[in-house]
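The structure appears right after this line, and notes come after that.
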Amino acid sequence: MFHFRGLIQAIGVSLVFIIFYNFIIGVFNLLPVEWVVLSTFFVSYGSVGILAPLWNKQAPYTAAFFAAVVLSVINLMFSMIVLRIPVLFEPNTVNENLLSSTVFSLITAFLFIQINKRMGREHDD
């Protein structure tokens with residue numbers, strides 16, 4: 001059974017983690033802009049790929065997929081509303097964003113679940 005609360009928790013914790021990560025990177029000016037964008041992508045969708053299956057033990061891949069789609073839509077809306085970048089006018093950009101985010105999140109979720117199975121931490125539900 002899918003737990004909507006677990007999905008919202010995974011998205012919320014991931015957003016807080018992204019904000020904290022970007023604050024640390026920005027304050028200390030640790031990386032160039034290109035690496036900040038790339039590392040933020042890995043941190044955001046990697047954390048969703050780990051946290052969504054953690055709080056949705058019955059449907060881990062569905063939760064990881066939905067969380068990645070929701071984060072992608074939040075990113076697109078933020079770009080449109082706050083940054084005034086017309087990203088929705090280019091369907092290829094939206095397609096690449098959704099595809100890369102969901103694939104990376106699902107791969108992370110798959111690896112997380114397989115590592116937990118090998119370590120003997122089976123889901124108790």
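Relative to the longest principal axis of the Cα atoms of the chain, the long axis of helix 60-81 makes an angle of roughly 10 degrees.
Using helices alone, I'd like the mean residue ellipticity at 222 nm for the chain: each DSSP H run of four-plus residues gives -39500 (n - 2.57), total over residue count, nearest 500. Walk me through the numbers on the way to the answer.
Numbers: 4 runs with 98 residues, N = 125.
After summing the helix terms and dividing by the residues of the chain, the value is -27500 deg cm²/dmol.
Relative contact order of the stretch 4-118, please, whole-number percent, based on alpha carbon pairs below 8 angstrom and at least 6 residues apart.
Details: 103 pairs, mean separation 34.2, N = 115.
Relative contact order here is 30 percent.
Roughly what angle does helix 33-55 make with the longest principal axis of the chain, taking Cα atoms, 0 to 90 degrees, to the nearest 10? Its long axis makes an angle of about 30 degrees.
Compute the signed sum of charges (Lys and Arg +1, Asp and Glu -1) over the other residues within less than 14 Å, Cβ to Cβ, of residue 41. Before the final figure, lay out each step's value.
On the way: positive: none; negative: 34, 96.
Charge balance near residue 41 sits at -2.
Once both axes come from the Cα atoms, what is the angle between helix 4-28 and the longest principal axis of the chain, in degrees from 0 to 90, rounded to 10? Tilt of helix 4-28: around 50 degrees.
Per residue, what volume in Å³ does the Cα convex hull of the chain take up? Please list the in-between numbers first.
Details: hull volume 14.4 nm³, N = 125.
Cα convex hull per residue, to the nearest whole number: 115 Å³.
None of the figures in this text is laboratory data; all of them are computed from the coordinates on show. From a predicted model like this one, the values you see are computed outputs, not experimental measurements. Don't worry about glycine lacking a Cβ; one is built from the backbone with ideal geometry, like all the others, and counts go over all protein chains shown.
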